[in-house]
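Engineer: If you scroll down you'll find the structure; I have some questions about it.
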């Protein structure tokens, strides 16, 4: 039986994150005078998706590592992130009501590549996300870059603190590294089709539970617990 639901944040709880982040990376490269095709940018970003932003930038600047610190300064500028990224976000209709309802029966947590302060101080208030999460772990906490997604550490930290067995938890994400992190932790992955993965891609990764968006979670729980 499920006792704990762990969510990725970007393109799960709110959508438009992929476009927002891509805009930030695109504008950072432009500011540095670095030319890159959209196809190549996409390939490189996906290699590091869910890791700290600096690791994404490192991948984008493989041929120009001397620009990394300058890129980091541009990308992490509060105004830049707030405007370029958060302006791309949209709410998932009904997500707040869902979270309130689920919180009455299950522990809810977050494991995300987002920055904690941007998430807690900006995005959650903006979309009136209820304070229902028992724990939030981000890739920007004191976690080595090699221990972020797809490594299971972020999920394991939550399981350990909440004293939940891996078979009593599910992880809801939208990207390949989300699925791999869940599988590496021995936790059932659930894929929402509001982000990176298509249905066929999720199936190819061996995902059993695939839903249109996060508001369909109750169907997943019912099917999971009855199987």
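Since every read-out is calculated from the coordinates, none of them should be taken as a lab result. Note that the structure is a prediction, hence the values are computed from the model and not measured. Here the Cβ is made from the backbone with ideal geometry for all residues, glycine too, and neighbour counts use every protein chain on show.
Engineer: Report, in degrees rounded to the nearest 10, the 0 to 90 angle that the Cα long axis of helix 153-162 makes with the longest principal axis of the chain.
Structural biologist: 40 degrees
Engineer: When a footprinting reagent is the concern and you count Cβ atoms within 10 Å, what order do 59, 212 take, fewest first?
Structural biologist: Fewest-to-most ranking of 59, 212: 212, 59.
Engineer: Ok, one more. Give me the angle, in degrees from 0 to 90, between the Cα long axis of helix 217-226 and the longest principal axis of the Cα atoms of the chain, rounded to the nearest 10.
Structural biologist: The helix 217-226 is inclined about 50 degrees to the chain.
Engineer: Between residue 66 and residue 30, what is the label-point separation in nm under the 7 Å Cα-to-beta-carbon projection?
Structural biologist: My value for the distance between the label points is 2.5 nm.
Engineer: Kindly work out what percent of the DSSP beta bridges joining two residues of the chain are antiparallel, to the nearest 5.
Structural biologist: Approximately 10 percent, going by the DSSP bridge assignments.
Engineer: For 190, 12, what ranking results if the residue with the fewest other Cβ atoms within 10 Å of its Cβ goes first?
Structural biologist: Listed from fewest to most nearby Cβ atoms, that is 12, 190.
Engineer: Can you tell me the equivalent ellipsoid semi-axes for the chain? Use √(5λ) from the Cα gyration tensor, largest first, whole Å.
Structural biologist: 30, 18, 16
Engineer: Consider a paramagnetic label point 7 Å from the Cα of residue 131 along Cα→Cβ; state which residues of the range 1-19 have an amide N under 13 Å from it.
Structural biologist: Those under the cut-off are none; the list is empty.
Engineer: Follow-up. Would you mind pulling out the separation of the Cα centroids of the range 170-203 and the range 1-38, in Å?
Structural biologist: Taking the Cα centre of each part, the range 170-203 and the range 1-38 sit 16 Å apart.
Engineer: Sorted from fewest to most neighbouring beta carbons within 10 Å, what does the list 90, 44 look like?
Structural biologist: Going from sparsest to densest Cβ surroundings: 90, 44.
Engineer: Anyone know which of 38, 201, 55 comes out most mobile in the 10 Å Cα GNM of the chain?
Structural biologist: Looking only at 38, 201, 55, the largest GNM fluctuation is found for 38.
Engineer: What length, rounded to one decimal in nm, is gained on full extension from residue 104 through to residue 87, with 0.36 nm per residue of separation minus their alpha-carbon distance?
Structural biologist: The residue 104-residue 87 span can extend by a further 3.0 nm.
Engineer: Something else now. In degrees, nearest 10, range 0 to 90: what is the angle between the Cα axis of helix 17-32 and the longest Cα principal axis of the chain?
Structural biologist: Helix 17-32 and the main axis of the chain meet at about 10 degrees.
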